[in-house]
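J.: Sharing a structure with you now.
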Amino acid sequence: MAGWLTTLRHPIDYRMLRPLAVTLTRLITGANATWVNCEPRADRVRVYFANHGSHLDFATLWAALPGDVRDKTRPVAARDYWGRTRLSRATINVFNGLLIAREGITRRDNPIEQMAEAMRAGHSLILFPEGTRSHDGVIGEFKAGLYHLASKVPDAELVPVYLQNLNRILPKGHLLPIPLISSVVFGTPMLVEAGERKHDFLARAKQSVMNLMAHTPGTSTPQSS
Amino acid sequence: MNWSSPVTHHVLLVVFGVLGISSLIGLILSKRATTDAGRATVANLNARTNSWWVMVLVIFSALALGSIGTTIIFALVSFLALREFLTVTPTRSADHAALFVSFFMVLPYQFWLVHTQWYGMFVIMIPVYAFVLIPMLATLGGDVTDFLERSARTQWGLMVCVYFISHIPMLMSLKVEPLRMGPAGPVLFLIAVTQGSDVFQYVWGKLCGKRPIVPKLSPKKTVEGFVGGVLTASVVGACMFRLTPFNPWQAGLVALLLCITGFFGGLVMSAIKRARGIKDWGTLIEGHGGMMDRIDSLCFSAPVYFHVLRYFFAKD
């Protein structure tokens, strides 16, 4: 579909579509952002890790960040899925995505190294440690990538993020979104503790995402008749 | 809306007068509040008043644009309400098709029926056809978990947020006489009495509320607030008889009916909220919560009012 674009004399710079992408994402998902014990910071390198249930997840999380933070933040996406067609690659480009290998990892084609490199270049990342979209809001086990990345870039802050309702707005296996209201909750930044084992850290990271369910909007609004 | 009628002039004078005075009182109170709690209460009061300005302006512009404007505005209200309702009541991915059809086919078609004034279809489309269609689509999702609950949630969402709300613009199709300020009169009567009842219950509750009616559902709804609010709103309703085909005592009785159905509408919606562990349906209207928090009492009073008008007062 995007084939004719590549035949233009000057290739299209997908970055110019970013403001449109942000507006469109916010319109579809109605997302509001809540920050719990955490401030949006453009001067920190962070890994935002969230539960995953919809194609809208990375776009929504990215669009929920303030502009200056968003400019420095790249969603991480699977190359075997998002790298398949020109259109999907163009979409990932609009959102400043970083394509990584999920399978067939070699020493030269190592996703952890690729992510660490982007972070050393000053980018924050958006990561879905479950590795794939789950059904009906169940949060699956976290894969080890988050732990290995944190060990490689030890000064990066790991920010848990809970995404609510996106799996209902556009569930896995469906093409058209429905207009429900979603929310994005950012939690307290965490680090891998000294001597912490991989298994323990991953369990703690998953729990920190689940704890944010209690902070979705509407659960604690004062004063109403 | 009949702009040349003195009734219209009185209505505009009273509504904007009351709002102006409320804003003035809010301004004076905000200057005089000394404690933190006092300031918070006044800030909430002022947020509510400001939201009322917006809501009143929206309603009057809709009514000024006549039947089409009113239908479009309430279609939007209905959309926002359904969005909040289905956001709060959990469904599963197997319901996706049913939800998509609810938002993008059932809702627009219902308001299209209001526009064409095809009464027969208007009155059965959701209770019969949508009722049948929703579980049909849900079965194709092939997921039996909470099947009845999930179907019921979608059906309730359509009944409360779409079907009931669509009765408000449909009021303008009723052939009732005399209508001194035009077909907008009965609509305005419904909204003023139902919303007025909420406000008066809030005020009476603040002034002398002691015994809560159903503390588990709504701790702020008290016997004193209910009696004071309902009686005040009914008397106000009786005074507004010129908006409607009623005589004063009929207007008072219909207003009483609206207050009681409205009260229970609010209580039912509150029960649904509490069962989900939330306080507000959304964050759309400052000081009020979501759209559903503002129209919960209208959901129940609108269809009852419509049929009272149609059965006892309409010509055919």
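No value in this document is a laboratory result; all are computed from the given coordinates. Just so it is clear, the structure is predicted and the values come from calculations on it, not from any experiment. Reconstructed Cβ throughout: ideal geometry from the backbone, glycine too, with neighbour counts over all protein chains shown.
J.: Among B:Phe100, A:Ala101, A:Val22, flag the residue with its Cα farthest along the positive direction of the charge dipole of the protein assembly as shown, charges on Cβ as +1 for Lys/Arg and -1 for Asp/Glu.
T.: A:Val22
J.: A further question on this structure: Do any trypsin sites (Lys or Arg not before Pro) in the stretch B:183-244 lie in a DSSP loop with no more than 14 other beta carbon atoms within 10 Å, and if so, which?
T.: Counting only loop positions with at most 14 other Cβ atoms within 10 Å, the trypsin sites (Lys or Arg not before Pro) in the stretch B:183-244 are B:Lys210, B:Lys216.
J.: Which lysines have a Cα less than 26 Å from the Cα of A:Lys152, not counting those fewer than 8 places away in the same chain?
T.: A:Lys152 reaches A:Lys72, A:Lys143, A:Lys198, A:Lys206.
J.: In addition: Restricting the count to DSSP beta bridges whose residues both fall in the protein assembly as shown, what percent are antiparallel, rounded to a multiple of 5? Display every interim value, and only then the final one.
T.: Details: 7 of 25 bridges.
Bridges in the protein assembly as shown are about 30 percent antiparallel.
J.: Please state the shape class of the stretch B:1-145: rounded when a/c is under 1.5, otherwise prolate if a/b exceeds b/c and oblate if not, all from the C-alpha gyration tensor.
T.: oblate
J.: Where does chain A land at 222 nm, in deg cm²/dmol rounded to the nearest 500, when only DSSP H runs of n ≥ 4 count, each adding -39500 (n - 2.57), divided by all residues?
T.: Details: 10 runs with 78 residues, N = 225.
Helices in chain A give a 222 nm mean residue ellipticity of -9000 deg cm²/dmol.
J.: Now for a different question. Under 25 Å between alpha carbons: how many lysine pairs meet that in chain B, if sequence neighbours fewer than 8 apart on the same chain are excluded?
T.: Eligible lysine pairs with Cα atoms under 25 Å apart amount to 17.
J.: Now, a different point. Quick one: which of A:140-149, B:4-13 comes out on top by average Cβ neighbours within 10 Å, and what's the full order, highest first?
T.: Going from most to least packed, we get A:140-149, B:4-13.
J.: Right, something else. Charges at C-beta only: +1 for Lys and Arg, -1 for Asp and Glu. How large is the resulting dipole of chain B about its Cα centre, in Debye rounded to 20? Mind showing how you got there, number by number?
T.: Working: 24 positive and 14 negative charges, 153 e Å.
I would put it at about 740 debye.
J.: Averaging the inverse of every distinct alpha carbon separation and then flipping it gives the Kirkwood radius. What is it for the stretch B:65-173, in angstrom units?
T.: Value: 14.0 Å, from the Cα pair sum.
J.: Just counting partner chain Cβ atoms within 10 Å, what average do the residues of peptide B:280-292 show around their Cβ?
T.: Partner-chain Cβ atoms within 10 Å, mean over residues of B:280-292: 3.
J.: Which of the trypsin sites (Lys or Arg not before Pro) found in the stretch A:66-113 are loop residues per DSSP with 13 or fewer other Cβ atoms within 10 Å of their Cβ?
T.: Passing both the DSSP loop test and the Cβ count: A:Arg84, A:Arg107, A:Arg108.
J.: Taking the dipole about the Cα centre of chain B, with the C-beta of Lys and Arg at +1 and of Asp and Glu at -1, give me whichever of B:Gly262, B:Thr35, B:Thr283 is farthest to the positive side.
T.: Toward the positive end, the furthest listed residue is B:Thr35.
J.: Something else about it: Taking every pair of alpha-carbon atoms in chain A, what share in percent sits in each 5 Å bin, from 0 to the bin with the longest distance?
T.: In order of increasing distance, the bins hold 1, 7, 14, 19, 21, 18, 11, 6, 3, 1, 0, 0, 0 percent.
J.: Give me the percent relative contact order of the stretch B:65-173, please, defined on Cα pairs under 8 angstrom at least 6 residues apart. It would help to have the intermediate numbers written out before the result.
T.: Numbers: 98 pairs, mean separation 52.1, N = 109.
RCO, the stretch B:65-173: 48 percent.
J.: Rg/Rh for the stretch B:164-316 to two decimals, with Rh computed the Kirkwood way over all alpha-carbon pairs.
T.: Reported Rg/Rh (Cα atoms, Kirkwood Rh): 0.99.
J.: Order these by the 10 Å Cβ neighbour count, fewest first: B:Thr283, A:Thr23, B:Thr70.
T.: Lowest count first: A:Thr23, B:Thr283, B:Thr70.
J.: Tell me, what ³J(HN,Hα) does each residue in the stretch B:181-186 have, in order and in whole Hz, if you take phi through Karplus 6.51 cos²θ - 1.76 cosθ + 1.60 with θ = phi - 60° and put x for Gly and Pro?
T.: Computed from phi, the couplings for the stretch B:181-186 are 9, x, x, 6, x, x Hz.
J.: Per the Kirkwood treatment, what hydrodynamic radius in Å, one decimal, follows for the protein assembly as shown from the mean inverse distance over all distinct Cα pairs?
T.: Averaging 1/r across every pair of different Cα atoms and inverting gives 26.1 Å.
J.: Could you please state, rounded to a whole Å, how far the C-alpha centre of the stretch B:210-228 is from the C-alpha centre of the stretch B:23-68?
T.: 24
J.: Label chain B by shape, choosing from rounded, prolate and oblate, from the square roots a ≥ b ≥ c of the eigenvalues of the Cα gyration tensor; if a/c is under 1.5 it is rounded, and otherwise prolate applies when a/b is larger than b/c, oblate when it is not. Don't jump to the answer; show the numbers that get you there.
T.: Working: a/c = 1.82, a/b = 1.19, b/c = 1.53.
Judged from the Cα gyration tensor, chain B comes out oblate (a/c at least 1.5, b/c at or above a/b).
J.: Considering chain B as a Gaussian network with a 10 Å cut-off on Cα pairs, which listed residue, B:Asp95, B:Asp36, B:Asp198, attains the greatest mean-square fluctuation?
T.: Comparing B:Asp95, B:Asp36, B:Asp198 in the GNM, the peak value goes to B:Asp36.
J.: Taking each residue of A:161-173 in turn, how many C-beta atoms of other protein chains fall within 10 Å of its C-beta, and what is the average? Please report the intermediate quantities before stating the final value.
T.: Details: counts 0, 0, 0, 1, 4, 0, 2, 9, 3, 2, 6, 1, 2.
Mean partner shielding for this stretch: 2.
J.: Roughly how many whole Å is it from the C-alpha centroid of the stretch B:238-268 to that of the stretch A:73-124?
T.: So the two Cα centres are separated by 63 Å.
J.: Enter the Cα centre distance for the pair the stretch A:126-154 and the stretch A:160-201, rounded to the nearest angstrom.
T.: Using only Cα atoms to place each centre, the spacing works out to 10 Å.
J.: Can you give the average number of partner chain beta-carbon atoms within 10 Å of each beta-carbon in peptide B:89-102, as a whole number?
T.: Mean partner-chain Cβ count within 10 Å for B:89-102: 4.
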